[in-house]
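Here the structure comes first, spelled out in structure tokens, and everything after it is commentary.
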Amino acid sequence: MVLATSTLVVFIGFILSVCIGIIIIPILRKIKANQSLSIYLERTHNSKHGTPTMGGLIFIIPTLIITLLMIIFGKIRISYNFIVLIFTFISYATIGFIDDFLIVVKHNNKGLSVNQKFFLQLIVSVIFFYLFMKGGNEPLLWIHSLGIKYKLGFFYGIVILFILVACSNAVNITDGLDGLACGLSIISFICISIIAWNTGWLDGYRDIALFGFILVGCLFGFLLFNSHPAKVFMGDTGSLCLGGTLACMCILTRCELLLVIIGIVFVLETVTCLLQVGYFKLTRKRLFPITPIHHTFERFYNEEDVVHIFWLIGIVGALISIIFGVFL
């Protein structure tokens with residue numbers, strides 16, 4: 001029953017997102033919702049110039065539609081934890097949409113400022129923490145495999161803020177090659193959904209897992225348009241939404257530490273960017289030819305090969321995470 005239900009929502013999500021993509025992409029082209037390329041990538045990614053952004057709507061809209069239908073037909077029960085998940089999904093999608101919209105209006109890569117983004121994410125994390133505690137959850141760091149629980153009190157609110165901000169921006173950084181962030185997100189959400197379906201102690205665990213599989217199906221549909229050569233980019237609308245939602249599901253299932261392995265490529269992309277900045281400030285030299293690190297790999301492999309290599313790394317991380325998250 002579990003496998004049948006998951007397969008059904010994945011299939012429905014795929015079909016609906018493909019249909020919505022066929023409608024939305026021409027609209028994005030018509031309004032010229034194009035994202036400008038970095039000056040460092042104009043030579044290697046010149047063919048991508050003019051590709052519309054804000055494509056995250058292609059998987060966000062059908063995910064919400066299918067979720068609503070599942071609630072109406074009694075297949076998904078609304079719990080506090082599920083409310084937290086939906087709130088996070090919509091909130092981060094909204095922040096990303098505002099950022100993309102400003103970029104489209106201004107016709108440059110400057111949308112929301114770093115401070116504006118952080119302030120909006122701070123508001124989201126505060127509400128998240130309130131709903132999280134209201135649902136009867138404890139503010140603790142729980143290491144399942146070792147049977148260790150650390151009570152953090154209100155400091156856990158800071159931990160939540162860090163995880164949400166870090167994960168959302170990590171996916172955003174990774175979204176630089178056709179299909180890269182989308183494929184890795186599919187892998188990560190399949191992983192965390194399987195883990196969620198095996199957390200019987202969590203109120204609403206089946207509903208959270210089902211939502212994850214709905215999103216996976218919609219992401220498969222988006223990948224049809226986002227794989228090389230991409231006909232649309234997900235933009236901040238999609239990347240911030242995916243990162244925030246992945247972090248949320250890991251927090252709810254008490255897999256905060258496991259998130260490092262579940263999203264291993266996202267972590268590597270972010271860490272190398274931080275190392276590049278820090279090293280440059282200290283030495284005025286570059287540690288890597290260019291970051292995010294996937295662009296360095298492009299100097300040795302073609303774009304599609306880089307994406308496939310990173311997907312394989314993501315799959316290995318997901319398999320290890322499932323072992324720890326389900327069996328240990």
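Just name the residue that is farthest from Val232 (Cα to Cα) out of those in the stretch 48-77 that are touching a residue at least 60 places away in the same chain (Cβ under 8 Å) and aliphatic (A, V, I, L, M). Let's see the steps before the verdict.
Of all residues in the stretch 48-77, those touching a residue at least 60 places away in the same chain (Cβ under 8 Å) come to 48, 51-60, 62-63, 66-67, 70, 75-77.
Restricting the remaining residues to those that are aliphatic (A, V, I, L, M) gives 54, 57-58, 60, 66, 70, 76.
Values: Met54: 8, Leu57: 11, Ile58: 10, Ile60: 14, Ile66: 22, Met70: 28, Ile76: 31 Å.
Per the criteria, the residue is Ile76.
Report yes if some residue within the stretch 203-216 is in contact with a Leu (Cβ under 8 Å, 6 or more places away or on another chain) and either at positive phi or surrounded by fewer than 24 Cβ atoms within 10 Å (Cβ to Cβ) (or both); otherwise report no.
no
Considering only residues of the stretch 9-61 that are surrounded by fewer than 21 Cβ atoms within 10 Å (Cβ to Cβ) and either touching a Cys at 6+ places or on another chain (Cβ under 6 Å) or of a type in the set (D, E, K, R) (or both), which is modelled with the lowest pLDDT?
Of everything passing the filter in the stretch 9-61, Glu42 is modelled with the lowest pLDDT.
Check off (1) surrounded by 14 or more Cβ atoms within 10 Å (Cβ to Cβ); (2) in a helix (DSSP H, G or I) for Phe288 and give me the number that stays unchecked.
Every listed condition holds for Phe288 apart from (2).
Among the numbered criteria (1) over 26 Å from Gly217 (Cα atoms); (2) among the aromatic types (Phe, Trp, Tyr); (3) assigned to a helix (DSSP H, G or I), which one does Phe128 miss?
(1)
In contact with a Pro (Cβ under 9 Å, 6 or more places away or on another chain) and farther than 30 Å from Leu131 by Cα - does that describe any residue in the stretch 309-327? Break it down into steps so the answer makes sense when it comes.
Taking the stretch 309-327 and keeping what is in contact with a Pro (Cβ under 9 Å, 6 or more places away or on another chain), we get none.
No: the stretch 309-327 contains no residue that is in contact with a Pro (Cβ under 9 Å, 6 or more places away or on another chain) and farther than 30 Å from Leu131 by Cα.
Mind checking which helices (runs of 4 or more DSSP H) fall wholly inside the stretch 142-258 and carry at least 1 residues that are within 20 Å of Met54 (Cβ to Cβ), touching a His at 6+ places or on another chain (Cβ under 8 Å) and in contact (Cβ under 8 Å) with a residue 40 or more places away in the chain?
Numbers: elements: 155-174, 180-197, 205-226, 235-252.
Passing ranges, in order: 155-174, 180-197.
Yes or no: the stretch 229-247 includes at least one residue that is charged (D, E, K, R) and surrounded by fewer than 18 Cβ atoms within 10 Å (Cβ to Cβ).
We begin by selecting, within the stretch 229-247, every residue charged (D, E, K, R); these are 231, 236.
Then keep just the ones that are surrounded by fewer than 18 Cβ atoms within 10 Å (Cβ to Cβ); that gives 231.
Yes: one or more hits.
Which of the following residues is in contact with a Gly (Cβ under 7 Å, 6 or more places away or on another chain) and closer than 20 Å to Leu3 by Cα: Ser168, Ser188?
Working: Ser168 fails: closer than 20 Å to Leu3 by Cα.
Of Ser168, Ser188, the one residue that is in contact with a Gly (Cβ under 7 Å, 6 or more places away or on another chain) and closer than 20 Å to Leu3 by Cα is Ser188.
Residues that are of a type in the set (S, T, N, Q), part of a helix (DSSP H, G or I) and without any contact (Cβ under 8 Å) to a residue 12 or more places away in the chain: does the stretch 110-122 have at least one?
Yes, the conditions are met somewhere in the stretch 110-122.
The values are calculated or read from the model by the stated rules, or taken from the named source; none is laboratory data. Keep in mind the model is a prediction, meaning the values are calculated, not measured. Cβ: placed from backbone, ideal geometry, glycine included. Neighbour counts: every protein chain shown.
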